[in-house]
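Each remark here refers to the structure printed beneath this line.
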Amino acid sequence: MLRLSSKQILLMKTVFHLLAILPIVYLTLLVLADKAGGDPAQYIIHYTGMGALNSLVAVMLVSPLAKALRFSALMQTRRLLGLYVFFYACLHVMSFFAFDLLFAWDLLIQEVIKRPYILLGAVCFLLLALLAITSFAKVRRKMGRRWQQLHNSIYFLALAVPVHFYWSVKSEIIEPIVYILILAGLLIWRWLKSPKRQRKSAHFSGRAATKKIGA
């Protein structure tokens, strides 16, 4: 098992911060250079939404990668990456509210009620806000078991966010379908590797072996 010193962990987290921030720097340069497509507002909305989705994929990849590479220190980046999911989601929502709705609250309420994909997106955003607020160690200690119950909603988000993406596009559905399959695959992997399921599997295997011996 590969172990890192505190300085190495700090360096690793710094690299993750840079990887998460660089796409925003790139987007800013594109907009300033007037290269953000024919409709810069829609480009920004889509770009920041994809940033949230890609960050969510990164969160879901941490555990399988840490186990496959026997690199437990990687688990210490999950909170950092989770906060970047919320960060990009904030940019996505603010871009939509500013560019599409021109800061009209009444329009926002109407859109949430009228359009299922926006309603689903709003639910996802509220969940992400709760996860971000409760991600601090002090809050975690105060919440006790309820903290884990709340943070298990990341599995709902892993399916709901790509479905929101799928519903939001009028064409070009291949990309959202790919994301749905990737995240569904990661959820299935996590279920197969869950301690509870493995204990149950070991229990049934033990009973089967006992019956075989006694036969």
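The values are calculated or read from the model by the stated rules, or taken from the named source; none is laboratory data. If you're wondering where the values come from, they're calculated on a predicted model, not measured in any experiment. In this analysis, Cβ positions are derived from the backbone assuming ideal geometry, glycine residues included, and neighbour counts consider all displayed protein chains. For the accessible areas, the whole protein counts, side chains as well, though only heavy atoms, and no ligand, DNA or RNA atoms are used. Shrake-Rupley method; radii C 1.70, N 1.55, O 1.52, S 1.80 Å.
Points worth noting:
- Averaging 1/r over each pair of different alpha-carbon atoms in the stretch 114-185 and inverting the result gives 13.4 Å, the Kirkwood hydrodynamic radius.
- Sorted from longest to shortest, the spans of the Cα atoms of the stretch 19-125 along the three principal axes equal 50, 36, 16 Å.
- Applying 0.36 nm per residue to the separation of Ala129 and Leu181 and subtracting their alpha-carbon distance, the gain on full extension is 16.2 nm.
- Pairs of alpha carbons in the stretch 6-193 whose separation is greater than 23 Å (percent): 48
- Cα-projected label distance for Trp189 with Ile21, points at 7 Å along beta-carbon direction, nm: 2.9
- Between Ala33 and Phe71, the contour length at 0.36 nm per residue exceeds the alpha carbon distance by 9.6 nm.
- Relative to the longest principal axis of the Cα atoms of the chain, the long axis of helix 78-95 makes an angle of roughly 30 degrees.
- Nitroxide proxy distance, nm - points 7 Å out along Cα→Cβ at Lys114 and Leu10: 5.3
- Accessible surface computed residue by residue for the chain, with neighbouring protein chains in place and a 1.4 Å probe, gives 66 Å² per residue.
- Alpha carbon centroid spacing (whole Å) that separates the stretch 4-36 from the stretch 109-128: 29
- When each of the peptides 41-52, 175-186 is scored by the mean number of other C-beta atoms lying within 10 Å of its residues, the order from highest to lowest reads 41-52, 175-186.
- With contributions of -39500 (n - 2.57) from each DSSP H run of at least four residues, the per-residue ellipticity at 222 nm computed over the chain stands at -26500 deg cm²/dmol.
- Surface composition of the stretch 6-193: carbon plus sulfur atoms hold 70% of the accessible area, using a 1.4 angstrom probe and ignoring ligands, DNA and RNA.
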